1. Under a Cβ-Cβ cut-off of 14 Å, what is the net charge of the residues other than Val50 that fall near it, where Lys and Arg count +1 and Asp and Glu count -1?
2. Could you give the nm distance between label points at Ile12 and Gln46, where each point is 7 Å from its Cα heading toward the beta carbon?
3. To the nearest 10 square angstrom, how much accessible area does Phe19 have with a 1.4 angstrom probe?
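The values are calculated or read from the model by the stated rules, or taken from the named source; none is laboratory data. What you see is a predicted model, and the numbers here were worked out from it, not measured in a lab. Cβ coordinates were reconstructed from backbone atoms using ideal geometry, including for glycine residues, and neighbour counts include every protein chain displayed. With ligands, DNA and RNA removed, areas are computed over all heavy atoms of the protein, side chains included. Shrake-Rupley method; radii C 1.70, N 1.55, O 1.52, S 1.80 Å.
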Amino acid sequence: MKSVPSPTIPSIEIQIHEFLELHRMVGIVLSVDFVTDIRPDLDEDQAWAVLQRVKAVMDSDRGPEENLVREYADELYPEGDTDRTA
């Protein structure tokens with residue numbers, strides 16, 4: 001994924017990541033460029049529409065991120081496994 005710093009506040013990305021880490025959180029930022037890298041046939045408006053759809057799904061109650069977290073938690077720490085080191 002590309003990292004695109006803000007043109008108006010160059011340090012904002014660092015500040016956001018430091019804030020999230022301090023609070024033991026993660027944040028995923030997707031851009032139009034990310035979408036067009038995957039689907040170069042889409043223009044910026046179409047890519048933006050894709051991002052809006054992704055956001056709507058992610059904002060829904062227990063969206064696909066719950067399944068993703070469960071999958072990786074199970075992969076790293078299988079239930080019933082007494083070894084809890086990753």
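1. It works out to a net charge of -3.
2. So the two model labels end up 2.8 nm from each other.
3. Phe19 has an accessible surface of roughly 110 Å² with all protein chains in place.
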